[in-house]
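A.B. asks: Once you've had a glance at the structure underneath, I'll fire off some questions.
Since every read-out is calculated from the coordinates, none of them should be taken as a lab result. Since the model is a prediction, treat every value here as computed from it, not as a measurement. Note that we place each Cβ from the backbone using ideal geometry, even for glycine, and neighbour counts take in every protein chain shown.
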Amino acid sequence: QQQVKQSPQSLIVQKGGISIINCAYENTAFDYFPWYQQFPGKGPALLIAIRPDVSEKKEGRFTISFNKSAKQFSLHIMDSQPGDSATYFCAASKPNTDKLIFGTGTRLQVFP
Amino acid sequence: EPEVTQTPSHQVTQMGQEVILRCVPISNHLYFYWYRQILGQKVEFLVSFYNNEISEKSEIFDDQFSVERPDGSNFTLKIRSTKLEDSAMYFCASSDLRERAFFGQGTRLTVV
């Protein structure tokens, strides 16, 4: 119930392509869904986040799509660039808690 | 841009020894966290700290672990008697609002 399942484990995309990473959750109490980007040797950095009252949020080339009924959310990276090559983590948290539950991560490689 | 600073970047310690990992959160943040990431695995919540006390902790955060904010700027994680399985990357994070956490670069702890 506390898990966030993330797929795929790794993703290879050509430059200019669309990268799509999916996450699913079971606990309907979750109300905050961030995505973090992590480069090797660095800490996770907040990329974009969404709450369940909207179905989509876009910031630049990054879009979160949220499907409340399916309990799924996904990150879309448009026009993927080699600089986007990193590990991406989805996460979720419940109201009135500090704890972020992270997915298992997706290693994205964008080739020129 | 303000950032969370962690020291040391890498700590090697013998099994059974005590270690203290240090963090300087972003100055106007009120919520502080420790997470850990075993190599190649997901980021796991350890503990959150607010108003000079632990607000939440995970099952990983047993009696061997403690946190402290000894002065107005530092936030520390102490592991009293390290075990081999404590080897991981430890991330400090801080936030001005619940959930919107900014992570430090991490301390790689190696227990030998």
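A.B. asks: Which of the lysines could be linked to A:LYS68 by a straight reach, that is with a Cα gap under 25 Å, when you skip same-chain ones fewer than 8 residues away?
C.D. replies: Reachable lysines: A:LYS5, A:LYS57, A:LYS58, A:LYS94, A:LYS99, B:LYS42.
A.B. asks: Using only Cα atoms, what is the ratio of the radius of gyration of the stretch B:5-99 to 2.2 N^0.38 Å?
C.D. replies: 1.03
A.B. asks: Given an 8 Å cut-off on Cα distances and at least 6 residues of separation, report the relative contact order of chain B as a percent.
C.D. replies: This gives 39 percent for chain B.
A.B. asks: Separate question: Hey, got the average number of other protein chain Cβ atoms within 10 angstrom for residues in A:92-98?
C.D. replies: 5
A.B. asks: Related question: Gap in Å between the Cα centre of the stretch B:70-112 and the Cα centre of the stretch A:1-55?
C.D. replies: 22 Å
A.B. asks: Could you please report the charge total around A:CYS90, scoring K, R as +1 and D, E as -1 over all other residues with beta-carbon less than 12 angstrom from its beta-carbon?
C.D. replies: Counting the neighbours of A:CYS90, the net charge comes to +2.
A.B. asks: What percent of all Cα-Cα pairs in the protein assembly as shown falls into each 10 Å bin, going from 0 up to the bin containing the maximum distance?
C.D. replies: 8, 33, 35, 19, 5, 0
A.B. asks: Order B:63-73, A:35-45, A:64-74 from most to least packed using the mean count of other Cβ atoms within 10 Å.
C.D. replies: A:35-45, A:64-74, B:63-73
A.B. asks: Could you compute Rg(Cα) / (2.2 N^0.38 Å) for chain A, with N its residue count?
C.D. replies: Compactness ratio reported: 1.01.
A.B. asks: Could you work out the mean count of beta carbons from other protein chains within 10 Å of each residue's beta carbon in A:101-108?
C.D. replies: 3
A.B. asks: A further question follows. Go through A:103-110, A:4-11, B:100-107 and give me the packing order, highest mean Cβ count within 10 Å leading.
C.D. replies: Descending mean neighbour count gives B:100-107, A:103-110, A:4-11.
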